[in-house]
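**Q** Sharing a structure with you now.
The values are calculated or read from the model by the stated rules, or taken from the named source; none is laboratory data. Small disclaimer: the values here were computed from a predicted structure and weren't measured. All Cβ positions, glycine included, derive from the backbone under ideal geometry; neighbour counts span all protein chains shown.
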């Protein structure tokens, strides 16, 4: 007999079927489909304006697709606001770092867990025992996570005072604090130097090996994608032009044409 755990593992963490997004007369992404299983790591690449971040915005609930269906662990996201999609198990980072710079590093992690609060408005106002117990648990978990990622020495710092590479790391840690089943990383190597990029590669690989999370990655640094991703999908002008392993994608004529022009094929 098939157990519930077996059934859950057989259901893709992310399944997109024939997703299309139009903005007026512009089709940003068309007939896009992908299926990501449990604890997998895949990549999405394409030239600037290809529709990559649009795909992430659709999965995370910032947009609703014009056509098609998105399922998170078998559950449709149609009509759900971003915080409801997050509750299904989706967390993300952004191409441009979005940290709360007026909050400390610790509070950036604590506030990201607001969706898991076990008390209501009146418990917070009256400062009940339930309120304090929940807040103590959240702070304990936040401190433990920062210690794991060697950010515990910065708990009282504001993110804007951290080096750029550590800000990137903090944003990833904040996303992980939500205990996602699907982690969307939108160009995490943007703005990093070569040494920081190598550290980022090690970090993402370690996260994938240590946490039970599926990772979907957008990145322009091809060495990052080639080292990390087992499967890569390539889009251009919203259309899927290639998909497969790193070697297949690297040598695909349509990919070379999209990035370098037909004369370089």
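**Q** Need the failing condition index for residue 157 against (1) more than 20 Å from residue 53 (Cα to Cα); (2) part of a helix (DSSP H, G or I), just the number.
**A** Every listed condition holds for residue 157 apart from (2).
Each row is one residue, and each column tells you yes or no for (1) in contact (Cβ under 8 Å) with a residue 12 or more places away in the chain; (2) more than 30 Å from residue 250 (Cβ to Cβ); (3) not assigned by TED's automatic domain parsing to the domain that holds residue 213.
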{"residue": "23", "(1), (2), (3)": "no, yes, no"}
{"residue": "42", "(1), (2), (3)": "yes, no, no"}
{"residue": "78", "(1), (2), (3)": "yes, yes, no"}
{"residue": "89", "(1), (2), (3)": "yes, yes, no"}
{"residue": "93", "(1), (2), (3)": "yes, no, no"}
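**Q** Exactly one condition in (1) closer than 24 Å to residue 21 by Cβ; (2) at pLDDT 90 or above is false for residue 254; which is it?
**A** Result: residue 254 passes all but (2).
**Q** For segment 174-210, what are the residues that are assigned to a loop (DSSP other than H, G, I, E, B), within 14 Å of the chain's Cα centre (by Cα) and on the phi < 0 side of the Ramachandran plot?
**A** Result: 177, 178, 180, 181, 188, 189.
**Q** Okay, next question. Give segment 23-74 a look and list any residue that's surrounded by 16 or more Cβ atoms within 10 Å (Cβ to Cβ), at positive phi and not in a strand (DSSP E or B), or say none.
**A** Of everything in segment 23-74, those that are surrounded by 16 or more Cβ atoms within 10 Å (Cβ to Cβ), at positive phi and not in a strand (DSSP E or B) turn out to be 46, 51, 61, 73.
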